[in-house]
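Worksheet: the structure to be examined is printed underneath.
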Amino acid sequence: MKGKKTELILALDLDSPEEAKKFLSMHCSKLKYIKIGPRLFIKGGKDFLSSIIEGGWEIFLDVKLHDIPNTVKGAVEAASELGLWALTVHTAGGKNMMEAAFNARGSCEKPLLFGVTVLTSMDELVWKDVNPGSSMGECLKIRAKAALVAGMDGVVCSAKDLKLFNEEEYGGLLKVVPGIRPKDFLSKDDQKRVATPAEAARSGADYIVVGRPVLNSDNPDKVIDNILEDLENE
Ligand code: C5P
């Protein structure tokens, strides 16, 4: 069982760096971790990331690196100079690719490296379409094990996947869980394998990642407060 409180990471998936900075200053004073995806990173680059760090937040750069080991090595070396808290690679790239990422980070402790296992937007139907003849559950375990052996600090998976990862074998990995929908937030958008913040915390998530339920709300402060309260009560 996990001893430490589950923490909230806001997925700041907005249209522009300007909009994102405004949102941060208006609504995110209670948050520590901000996830930046490809759109804002491509638009805002290093300067945008630096401005977030200067504001006191920790950045999780979620670009899901998935390429040949040498290319991923170069990307992690470059990302390691950005002052990030965490960075994602895709476990589907295999153990050698993740080892290249681990070695590229060198002796620094940051960025933490998280291996994305299976996207939370995939259900069994989509999974079978792109991975005929293979079980999603088995794949999740094999990919997470490869991440552990390669030196990744954690894995990204759905709350429903956490039961696959027993403490004895997978305890060394942090569990980062997107696909979160507060119970009064009806829309699942494109997410399929979803859970509430409390369910994810109870299942052993170290971090939950929430985007649209906060960003699309008329009252983002209230949604953030409710999630933090749910996590506090677990
Ligand atoms: O808006 P929503 O809460 O669905 O956002 C979830 C965030 O987590 C998105 O930024 C998405 O890219 C990311 N993510 C995910 N599933 C994964 C890995 C990352 O939804 N397996």
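The values are calculated or read from the model by the stated rules, or taken from the named source; none is laboratory data. Treat the numbers as computed from the prediction; the structure is a model and nothing was measured. Methodologically, a virtual Cβ is constructed for each residue, glycine included, from the backbone with ideal geometry; neighbour enumeration extends over all protein chains shown. Quick note on the areas: whole protein, heavy atoms, side chains included, nothing else; ligands and nucleic acids left out. Shrake-Rupley method; radii C 1.70, N 1.55, O 1.52, S 1.80 Å.
Structural remarks
- Solvent-accessible area assigned to carbon and sulfur over the chain amounts to 51 percent, based on a 1.4 Å probe.
- Net charge dipole size for the chain [Lys, Arg +1 and Asp, Glu -1 on Cβ; Debye, nearest 20]: 320
- Accessible area per residue in Å² at 1.4 Å probe, computed on the stretch 7-232: 47
- For the chain, the mean residue ellipticity at 222 nm estimated from helices alone is -12500 deg cm²/dmol, where every DSSP H run of n ≥ 4 contributes -39500 (n - 2.57) and the total is divided by all residues, rounded to the nearest 500.
- Highest average first, the peptides 55-61, 228-234 ordered by how many other beta carbon atoms sit within 10 Å of their residues are 55-61, 228-234.
- The Kirkwood hydrodynamic radius of the stretch 102-169, based on inverse pair distances between different Cα atoms, is 13.1 Å.
- Alpha-carbon Debye profile of the chain, log10 I(q)/I(0) at 0.10, 0.12, 0.14, 0.17 Å⁻¹: -0.44, -0.65, -0.90, -1.34
- Protein-only accessible surface order, largest first, of R212, R202, R181 at 1.4 Å: R202, R212, R181
- Extended-chain gain in nm, criterion 0.36 nm per residue less alpha-carbon gap, D67 and E7: 18.6 nm
- Estimated distance in nm for a label pair at S107 and S187, the labels positioned 7 Å out from Cα along Cα-to-Cβ: 5.0
- Computed over the stretch 1-137, the P(r) curve from all C-alpha pair distances, binned at 5 Å from the origin, holds 2, 9, 18, 18, 17, 16, 12, 6, 2, 0 percent per bin.
- Placing a label point 7 Å from the Cα of A78 along the Cα-to-Cβ line, the residues of the stretch 12-35 whose backbone N sits under 20 Å from it are 17.
- Virtual paramagnetic centre 7 Å along Cα→Cβ of D123, amide N under 20 Å, in the stretch 130-160: 130-140, 157-160
- Dimensionless Rg/Rh of the stretch 96-234 - Kirkwood Rh, Rg from C-alpha atoms: 1.00
- Whole-angstrom gap from the stretch 133-172 to the stretch 1-60, using each part's C-alpha centre: 26
- Cross-link pairs beyond the 27 Å C-alpha cut-off, checked among K110/K192; K128/K160; K145/K192; K160/K183; K110/K183: K110/K192; K110/K183
- E18 sits among other residues whose Cβ lies under 14 Å from its own Cβ, and their net charge, with Lys and Arg +1 and Asp and Glu -1, is +1.
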